[in-house]
Each structure stands twice: as structure tokens, then as C-alpha cells.
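Peer 1: Supplied in C-alpha cells, the structure appears directly below.
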Amino acid sequence: MKQLRIAAMGVLVAIFSASLAADLLSPHPYGEQYRDAVNAAPSRAFPMGTDDMGRDRLSRLLHACRVSLLLAPAAALVATTLAGLLGGAAGYLGGTADRVFLRLSDLFLSLPWLFLFLSVRSLLPLNAAPAVSAVATFLLLGVLGWAGPARVARACACGLRQSDFVMQAKANGRSPMRLLLVEIVRNLRPVLAAQFWLAIPVFVLAEANLGLLGLGVSEPLPSLGGLLRELENYQAVVSQPWMVAPAIILIGVTGCLHLVLGWEEIRR
Amino acid sequence: MGAGTDRGRGDDAVALAAVLFPKLLSYTRNLLLELECAQHVFAARARGLSEGRILMRYVMRPASSQLLALAGVSVSMALGASVPVEAFCDLPGIGQLAWKAALSRDLPVLVNLTVLVTAVTLTANTLGDTVAAVWGGAGE
């Protein structure tokens, strides 16, 4: 089991470093169309063939990994920061603020998340610039994904409120804002770190869902979800089996993250 | 989800079940493993009860309220998963309606669908909690 986890870590490091070095590794620009080699089979010039617009699949896959695997942790960071601040404040203040927080997070937890994403995403313009749409998609995931981690943060902050060091800081005359940020939120860090790691595979999959529906990152810029859209054409997949590479990468990344996170759990 | 043909209905259900099954399995497994270590299960085993009886009366019974709550939550997960499944398999259902509404910027449809789905989810959760409360009360 331990070897399996080390192997999973190796796969993750390899995929992440390949996606970071996408500009160096990819043989062609991701948006360049080679009109004379549309739907080409793998060859020396196009190691994984080209898609139906004549774009090199390998370059698109590398850039898609970069978009999905770098922005998902960023979205997780946004979600956990929001969770730490809101959950910490609710747990620390208690009373009415806590009750409002609980009702609000209940509402967010009971809304089916994909319907919520669809509604909010369709408020944003579809014809935005590709980079803007990528940032907007993941920012949306981060902003809407706060409720679960925030409940955990609140539960821990409730325990911290009664602790001796918070009492001492209060007696020393610290301002409430400073108390919240220094004494509460900083001590929530281990909990928030766990929530951060758990959120990454969820956000990678959420982007894949949105991309599959054509509501994620917009076209010239590739993302893992966007590349999965091609699999809709079953006949093409049978004749060009290398098209399933994005799906394999996606399953590999989420599976490996799962294994590595399980390891963290046991060590703790 | 209301699919047009018999073939479509089967595909949809199988795909949704495949999405939900692993999540439910791991949660249920953890829950039952936790109960397996409880004192009363140990005592029942010491009394020489059969494994099947222990599983049904001493492990499943106390877990039933949480399992029913899980069933309520899984309705929400299934409705969420139905969007990509129906969009991808071209099945006419709530998920596909929401997807088409999102693509064509049909906000009234989207908002109403979200409210409808939330109502269904809340009803399922409440139903699960109620049944669990009634059963749990009868068991004690």
C-alpha cells in the first residue's frame, strides 16, 4: 500500500511538472490549426495526432493540464480562505451571527451544486476572452464551494473560543479583529489545510463537468473538461483510440490525489 | 429521470448508479466498521449470536438513521450527476433541460429548475429524517 502511494505521488509530480513546463514540452502552439493534417493519426510531427480542427493533441493536453491543475488549487485556496474567515468568525462570535451562518451554509449545502453553477455561470458572458473565462470558472467554484469547509472551521472555532489562550488574549485587550485573525484563524490552519487538499480533486472534477457541458473555459484555451467533449462522438473514439488520453489523465490525477490524501489521513 | 425510450431510461439509471455507488459504498463501509467495534456488538458476539443476526439487529439497526439520511443526500447527488449524464447521453430529462437553458441563457427556466430541485432535495432529506426518527424511536 505504501509503495502504491509513493507511485501515485510520482505520477502526480510527473503530471504537474509536465503541465508546468507545457510551453517547453509542447511541440506546437495549442491554438495553431494545421489545415492540411486534420484528424491525423499519431506521427513524428504530431505525437498524439490532431483534432478535427487540425490542432496538435499533445500540446492541447499539456496546456489543458496546466489550466485545470493550477487553477483548481487556486480555487481551493479561495474556498478555504472564505471558509476560514466566515466559519472562524461564526464560531468565535456565536449568537445571532452563528445562527445566520448556519442557515446560510445549510442553504448552500442543500442546493444541488451543479444546478447552482449552471445558473451562476450562465449569468456570466459566454463570449468572454478565454483567459477571463478560465479565471471566472474557477473563481466561481471557489466562491460557491465555501459552505462545507466553513462548517468544519466553525466547529473547530467553537472549541477555540473557550480555550485559555483566547481568554488571555482577551484579557490583554486585543481588538476583536486581531483576536479573530491571529488567535482563531491561525489556529484553524491544520483543519483548513486538510480541507484545501480535499477540495482540489473536487474542483478538478467540477471543472471537467462544466467543461463537458460547454460552460467552462472557452474554446481556444484547452481544459481537461473541454477536451472531454470530443469523446461524445463514439465513432471517432473507436477509430482514434488515443482521443481518450484526457479522460485517462483526469482519472489518473483524481485517483492519485485520492491515494495520496488517504496517506495523509493515516499519518495524522 | 423521464427518458423517452426504454433503452434510454436504462442507460441513464445505470450511469447515475455508477456515479453514486462508490461514494455511498465508502461512506456506508466506514459507518458500519465504526459500529462493528461498538461494545454491544462485542457483547452480542460473546453471547454466540449468528453473524447475520448481529449484522441485521446490532449493526444495521443503529446505523439505519444515518443510512436513511445518506439516502436523502444521495437524491441531491443524483440530480447533480444527471446534468452531465443526460447532456452527454442525449436523454431528455431535468438535467438536459437545465443544460440547454444554461447554454441559451434562459434564466427563468434555470432559476425555477434550481428551486424545484432544491425542493425535491429538501423533501427527500426531511423524509429520510422522519422515517429514521420513527424507526429509531420504535427500536428503543
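Peer 1: Post the alpha-carbon centroid distance, region A:55-86 to region B:55-134, in whole angstrom.
Peer 2: If we compute the Cα centre of each part, the gap is 27 Å.
Peer 1: Using a simple spin-label model with points 7 Å from Cα along the Cα→Cβ vector, what separation in nm is obtained for A:Gln162 and B:Leu32?
Peer 2: 3.6
Peer 1: Please work out the Cα convex hull volume for region A:74-163 and give it in Å³ per residue.
Peer 2: Expressed per residue, the convex hull around the Cα atoms of region A:74-163 is 84 Å³.
Peer 1: Let me ask something additional. Please compute the volume of the convex hull spanned by the alpha-carbon atoms of region A:1-154 and report it per residue in Å³.
Peer 2: Values: hull volume 26.1 nm³, N = 154.
With only Cα atoms used, region A:1-154 gives 170 Å³ per residue.
Peer 1: Per 20 Å bin, what percent of the C-alpha pairs of the protein assembly as shown does each bin hold, from zero upward?
Peer 2: Going from the shortest bin to the longest, the percentages are 22, 52, 24, 2.
Peer 1: Compute the length gained on full extension between B:Leu49 and B:Val134: take 0.36 nm times their separation in residues and subtract their Cα-Cα distance, giving the result in nm to one decimal. Present the calculation step by step, with values, prior to reporting the outcome.
Peer 2: Working: separation 85, 0.36 × 85 = 30.60 nm, distance 2.65 nm.
Between B:Leu49 and B:Val134, full extension yields an extra 27.9 nm.
Peer 1: Turning to a different aspect of this structure: Multiplying the sequence separation of B:Val115 and B:Leu67 by 0.36 nm and subtracting their Cα-Cα distance, what value in nm do you get? Write down the numbers at each step before the final one.
Peer 2: On the way: separation 48, 0.36 × 48 = 17.28 nm, distance 2.56 nm.
Stretched fully, the B:Val115-B:Leu67 segment lengthens by 14.7 nm.
Peer 1: Continuing with this model, one more query. Let me know the Kirkwood hydrodynamic radius for region A:173-265, please, with Cα pairs as the basis and the value in Å to one decimal. Please report the intermediate quantities before stating the final value.
Peer 2: Numbers: mean 1/r = 0.0623 Å⁻¹.
Result for region A:173-265, one decimal place: 16.1 Å.
Peer 1: Under 14 Å between alpha carbons, and skipping anything fewer than 8 positions from A:Lys170 in its own chain: which aspartates and glutamates qualify?
Peer 2: Here the aspartates and glutamates satisfying the reach criterion relative to A:Lys170 are A:Glu183.
Peer 1: Simple spin-label model, 7 Å along Cα-to-Cβ: A:Leu25 to A:Ala97 in nm?
Peer 2: 4.6
Peer 1: Over region B:14-134, what relative contact order in percent results from Cα pairs under 8 Å that are six or more residues apart? Working shown, then result.
Peer 2: On the way: 86 pairs, mean separation 35.0, N = 121.
Relative contact order comes out at 29 percent.
Peer 1: If Rh is defined by the Kirkwood formula over all Cα pairs and Rg also comes from Cα, what ratio Rg/Rh do you get for region B:14-134? Please list the in-between numbers first.
Peer 2: Numbers: Rg = 19.4 Å, Rh = 16.8 Å.
Rg/Rh for region B:14-134 comes to 1.16.
Peer 1: Suppose each label sits 7 Å from its Cα in the direction of the beta carbon; what would the B:Gln39-A:Leu123 distance come out to in nanometres?
Peer 2: So the label points at B:Gln39 and A:Leu123 sit 5.3 nm apart.
Peer 1: Pick out, from B:Ala132, B:Val109, B:Leu20, the residue whose Cα sits farthest towards the positive end of the charge dipole of region B:14-134, with +1 on the Cβ of Lys and Arg and -1 on the Cβ of Asp and Glu.
Peer 2: B:Ala132
Each reported figure results from applying straightforward, stated rules to the coordinates on display, with no laboratory input. All of these numbers come straight from a predicted model, not from anything done at the bench. Cβ coordinates were reconstructed from backbone atoms using ideal geometry, including for glycine residues, and neighbour counts include every protein chain displayed.
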